[in-house]
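Asks: This is the structure, below, for whatever I ask next.
Quick note: the coordinates plus some simple rules give every number you see, no bench work behind them. For clarity, every value in this text was computed on a predicted model and none was experimentally measured. Glycine also receives a Cβ, built like all others from the backbone with ideal geometry; neighbour counts cover every protein chain displayed.
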Amino acid sequence: MSLLKVKNLTKRFGGLVAVNDLSFEVSPGEIVGLIGPNGAGKTTVFNLLSGIHSCDAGSVTLGDREITHLAPHRRSLAGIGRTFQVVRPFEMTVLENVMVPALARNKSVAKARETAFAVLKMMGIENLADALPGNLTLAQRKRIEVARAMATKPRLLLLDEVLAGLNPTEVAENLPLIRQLRDQGATIIFIEHVMAAVMKVSERVLVMAQGALICCGTPSEVTNDECVIKAYLGEEDPECSL
Amino acid sequence: MKPKHLRTFGAAIFILLLLVPVFFKSTFVLHIYTLIFFYIALTAAWNIPAFGGQLSLGHASFFGIGAYTAAILYVKYGVSPWFGLLIAVGVSLLGGVILSLPLIRLRGPFFTLASIAFTEVLRMVAIDWRSMTNGSVGINIPFKPGFKNMTFTSGEPFYYLFLATAVIVVLLTYRIRNSALGFHLRAAASDDEAARALGVNTSLAQFLALMWSAGLTGVLGVFYVFYNYVMEPNTAFSLDLFSLQPALNGIIGGMGTVWGPVIGAVLMTPLGEFLRFYLSTIQQGLHYVVYGLVLILTVKFIPGGILSILEPLISRKKKDRDKPKEKEERS
Amino acid sequence: MDLYIQVLVSGLLLGGVYALISIGLNLIFGVVRIINFAHGEMVMLSMYLTFWLHHLYGMDPYLAAIVVLPVMFLFGVAFQRVVVQPILTTSATMKIFTTVGVSLLLQNLVLIFWKGDFRTVQTSYSMSAFEVFEIIVSIPRFVAFVAALLSIIILYAFLKFTFAGKALRAIVEDNAVARLMGVNVERHYLLAFGLGCAFSGLGGVLLMPFNAVYPTVGVTYTLLAFVVVVLGGLGSMSGTFLAGLFIGVVEAFGGTFVSPALKEAIYFGIFILVLLVRPQGLFGMGRGTEEVGLK
């Protein structure tokens, strides 16, 4: 049985159809890459899955529970964790940042401190526990963003460009992380522009263009797909839609 | 988490304050101290929603509700104010529920406006509902000394009552800030959407914060009316005295921190009394001109409040001392 | 029945002025994106200005508009430059406190210089009225309504057809893009603030023949203007106009049939109800409302 089932998902902003009749499924334990040119609607999909935006049509099912109209915090509690493309740390220490999601699940501050510290350790940034995010590098802040999402103990983790803006060394350092997170029990969908990373890590790739899913398959299948190439080169082809 | 010597320092001040009425018999001195304690408690209570970034300029509503409820129950129905206190808190909480309805939709400046409007509505109701509130004439508490009537022949009982209230409210805000609710509020203040995406029900957190704040402010209204014997709509629901003043104390001390309200109230109350007494004799309204200027200048030059200047001094010492210990714990 | 129509008419007439004051606020809000807690004080100042011009120089209150409008325009420009510009990039809290501070300052400076008395302007037409179909129409209220309506139309035409007006609308639409398209955004902030102040000031002038002025009168108008703007939809001119009329009518009916003391309480109540049922306002909501906390 699939963990996530998205059916006919649609979102309009005024006259613009940001996500158009999107359907896909994700199996437990998968690592799925979500790619597409700028403005394809990838982040909107994440916003719809995490409940930040409400969809105009379609349904989202997590496990056997329909979550289409659930409030964002309830979706998080149901098991959807996410990071934001632009990192959004709270104005508190790194440890406290990671304690926030833990405290949404268990009111004990002492326990949350332990949980948060364990997550930081797993992410290899326990030395930053007392630092303020504002004083850290982008790579470090992105790790905090992921740590915070991991502290929600997600069944499904949505990573929005956690590698963007990092230098090649940092990308190389962070790549194994995605697999590691899956080994922690999270199924992963990640948006990424660093193609090498997508090809290396993902088991399946979804390609979006202009709000619609145009291709889906293994990394090698996708790279050889004509529609995908055209989408990236900006050519339009009415037959290129699933 | 405060360094130990600060705690000792606090305890020492508390003991000294307990002794003040023993050595100073002047009613004026006691009155000023009492007023400082009152404003510490009021500002600290006002500050709870501010943990979550909500700026209320409508706390006079909860204050007035509390004051009126207890006063009406006592004067009209002979209910002891101590029992009336419970009912007053209940009604203040109800007021909190009503004000939190717009809070579901409104954040930031619009919540602030709604809170002002809410107070204005209550003020008008208090003026109009003559059969209950005696209209704009107000309610006088008859002078019948006795513990049961919360009426005393000297200022000392109220001195201790307000001192105890201030200490309790400040400790309570300390507890709240360091609890799950406190974390949720701070997260919501910092980035509401991100907090929700992490599973925090920010609306619930803001609601709870407002309820705590409303209930405590209601209690203060009850104590204040029995301390002052009189209550009329324009005072009870006064924007200046009970909405703006705690906000001013808060911003000057450090909004959204535990100790900011204490610092703000300790500094501003005597200054406010001085200005009210001396400047008003020179020129009516002059002291609010000073307030307006203080507000604008504080926001411009020390937006984090006085605490933001003091904190680096304190925490530097704290870090030097705590560092070796922390490392031991971790390794 | 006659009574209802009578109340409806006086409510609509008053609502016209409320719309004018609120449109000034909406323009400032839409362009500069600041919640100005001292907005009512602009109305208060222009009411005083009208009063003094009448009192000292015997100037007719309507004629006083010739002086009040440019003065309030300059006041708005100066306010934007000195008070608002420096705090534009700070947090919402700081903006609230600064403008609240200014409001406190203005109220009490006025109290110091001009005392707390209720002041009114008595003219030959203050009490006069005419009758249409047995409905009594007060002349100053009628003039106020017509003048308000005319100025709203003029403002609308200005925004629609002039280059500066189009630039203002572009800023309302998307500040960053307007900037990229070469609009001098800061200069248009000055213009918007000046215009907003002048139009709200005109509202003050029009109110003066049948309303009293006192130092704290502005608080009511600040709240009123925000109620109207939120109900009408931020950034929507026509919405604001309709909501202004609506609030005028509500106030008239509340004042007549419930209690004069509670007329404001009633429209605040409606305000809160509408927010719960239809948070985007009665007539839709403009852009950028989320960034100031309205969602």
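Asks: Please name whichever of A:ALA212, A:THR137, A:ALA151 sits farthest to the positive end of the charge dipole of chain A, dipole taken about the Cα centre and charges placed at Cβ: Lys and Arg +1, Asp and Glu -1.
Replies: Farthest towards the positive end: A:ALA151.
Asks: To continue, here is another question. Ratio of chain A's C-alpha Rg to 2.2 N^0.38 Å, to two decimals? Write out the running numbers ahead of the final one.
Replies: Working: Rg = 17.8 Å, N = 242, 2.2 N^0.38 = 17.7 Å.
Here the answer is 1.01, to two decimals.
Asks: With θ set to phi - 60°, apply the Karplus curve 6.51 cos²θ - 1.76 cosθ + 1.60 along the range A:17-29 and write out the HN-Hα couplings as whole Hz, x wherever there is a Gly or Pro.
Replies: Calculated HN-Hα couplings, in order: 8, 7, 10, 10, 6, 8, 9, 6, 10, 10, 8, x, x Hz.
Asks: Can you run phi through the Karplus equation (6.51, -1.76, 1.60; θ = phi - 60°) for the range B:195-202 and list ³J(HN,Hα) in whole Hz, with x for Gly and Pro?
Replies: 4, 5, 5, 9, x, 8, 7, 5
Asks: So if a site counts as exposed when it's one of the GluC sites (Glu not before Pro), its DSSP state isn't H, G, I, E or B, and it has at most 14 other Cβ atoms within 10 Å, what's the longest stretch of chain C without one? Walk me through the numbers on the way to the answer.
Replies: Details: sites that count: C:GLU134, C:GLU290, C:GLU291.
Result, exposed sites excluded: C:135-289.
Asks: Just want the answer: with Cβ charges of +1 for Lys and Arg and -1 for Asp and Glu, which residue in A:LEU70, A:PRO101, A:MET122 is farthest toward the dipole's positive end in chain A?
Replies: The Cα lying farthest towards the positive end belongs to A:PRO101.
Asks: Then there is this: Quick check: from the Cα gyration tensor, does the range A:14-67 come out rounded (a/c under 1.5), prolate or oblate? Walk me through the numbers on the way to the answer.
Replies: Details: a/c = 2.17, a/b = 1.27, b/c = 1.72.
Taking the square roots of the gyration eigenvalues as a ≥ b ≥ c, the range A:14-67 is oblate.
Asks: Moving on to the next point. Gaussian network model of chain B, Cα springs within a sub-10 Å range: biggest mean-square fluctuation belongs to which of B:GLY199, B:GLY260, B:GLY66?
Replies: Comparing B:GLY199, B:GLY260, B:GLY66 in the GNM, the peak value goes to B:GLY199.
Asks: Now, a different point. With only Lys, Arg, Asp and Glu charged, each at its Cβ (+1 for the first two, -1 for the last two), find how big the charge dipole of chain B is about the Cα centre; round to the nearest 20 debye. Don't skip to the answer; put the middle values down first.
Replies: Details: 26 positive and 15 negative charges, 168 e Å.
The calculation lands at about 800 debye.
Asks: Among B:LEU42, B:LEU275, B:LEU55, determine the one that fluctuates most according to a GNM of chain B built with springs between C-alpha atoms less than 10 Å apart.
Replies: The residue that fluctuates most here is B:LEU275.
Asks: I've got another one for you. Give me D for the protein assembly as shown in µm² s⁻¹, whole number, from Stokes-Einstein with Rh from the Kirkwood sum over alpha-carbon pairs, 20 °C and 1.002 mPa s. Before the final figure, lay out the partial values.
Replies: On the way: Rh = 29.9 Å.
Calculated translational D: 72 µm²/s.
Asks: If you don't mind, there's one more thing I want to ask. Calculated FRET efficiency, A:ASN167 and B:LYS4, Cβ-Cβ r, R0 51 Å, to nearest 0.05?
Replies: Values: r = 45 Å, r/R0 = 0.88.
Efficiency, from the Cβ-Cβ distance: 0.70.
Asks: Determine the percent antiparallel among the DSSP beta bridges restricted to the protein assembly as shown, to the nearest 5.
Replies: Values: 28 of 44 bridges.
Roughly 65 percent of the beta bridges in the protein assembly as shown run antiparallel, per DSSP.
Asks: Apply the a/c threshold of 1.5 to the C-alpha gyration tensor of the range C:180-236 and tell me whether it is rounded, prolate or oblate. Don't skip to the end; give the middle numbers.
Replies: Numbers: a/c = 2.92, a/b = 1.82, b/c = 1.61.
Because a/c hits 1.5 or more and a/b exceeds b/c, the range C:180-236 counts as prolate.
Asks: Scan around A:ALA209 for amide H atoms under 5 Å from its own, H built in the peptide plane at 1.01 Å from N, and keep only partners 5 or more places away or cross-chain.
Replies: Under 5 Å from the amide H of A:ALA209 lie the amide H atoms of A:ILE214, each far enough along the sequence or on another chain.
Asks: Apply the Karplus parameterisation 6.51 cos²θ - 1.76 cosθ + 1.60, with θ equal to phi minus 60°, to every residue of the range B:30-40 and state each ³J(HN,Hα) to the nearest whole Hz, in sequence, with x for glycine and proline.
Replies: 4, 4, 4, 4, 4, 5, 4, 4, 4, 6, 4
Asks: Taking amide H positions as placed in the peptide plane 1.01 Å from N, state which residues far from C:SER236 in sequence (5 or more) or on other chains have amide H under 5 Å from it.
Replies: C:GLY286
Asks: For labels at B:SER80 and A:GLN184 in the simple 7 Å Cα→Cβ model, what's the distance in nm?
Replies: 5.7
Asks: How many percent of all Cα-Cα pairs in chain B sit more than 39 Å apart? List each step's numbers first, then the result.
Replies: Details: 7509 of 54615 pairs.
Of all Cα-Cα distances in chain B, 14 percent exceed 39 Å.
Asks: Please name whichever of B:GLY199, B:MET124, B:PHE152 sits farthest to the positive end of the charge dipole of the range B:122-214, dipole taken about the Cα centre and charges placed at Cβ: Lys and Arg +1, Asp and Glu -1.
Replies: B:PHE152
Asks: Continuing with this model, one more query. Pop a pseudo-label 7 angstrom from the Cα along the beta-carbon direction at both B:ILE302 and B:PHE14 and give the gap in nm to one decimal.
Replies: About 2.6 nm, to one decimal.
Asks: Another question, then. Would you mind computing, in nm to one decimal, how far apart the modelled labels at B:VAL29 and A:GLN85 are, each placed 7 Å from Cα along Cα→Cβ?
Replies: 6.6
Asks: Using only DSSP helix segments of four residues or longer, with each worth -39500 (n - 2.57), what per-residue ellipticity at 222 nm results for chain C after dividing by its residue count and rounding to 500?
Replies: On the way: 11 runs with 203 residues, N = 295.
That comes out to -23500 deg cm²/dmol.
Asks: Additional query: On each of the three principal axes of the Cα atoms of chain C, give max minus min coordinate, whole Å, ordered largest first.
Replies: 57, 46, 36
Asks: What residues have an amide H closer than 5 Å to that of B:SER179, excluding those fewer than 5 places away on the same chain, when H is modeled at 1.01 Å from N in the peptide plane?
Replies: The answer is none.
Asks: Still on this model: If you build a Gaussian network model of chain B, linking Cα atoms that sit under 10 Å apart, which residue out of B:PHE162, B:PHE24, B:PHE183 swings the most?
Replies: The residue with the greatest mean-square fluctuation here is B:PHE24.
Asks: Per residue of chain B, what 222 nm ellipticity follows from adding -39500 (n - 2.57) for every DSSP H run with n ≥ 4, rounded to the nearest 500? Intermediate results must be reported in sequence, preceding the final value.
Replies: Values: 15 runs with 248 residues, N = 331.
-25000 deg cm²/dmol, from helical runs alone.
Asks: Next up: Treating only the Cβ of Lys, Arg, Asp and Glu as charged (+1, +1, -1, -1), what charge dipole size does the protein assembly as shown show about its Cα centre? Round to the nearest 20 debye.
Replies: On the way: 67 positive and 54 negative charges, 468 e Å.
Roughly 2240 debye, rounded to the nearest 20.
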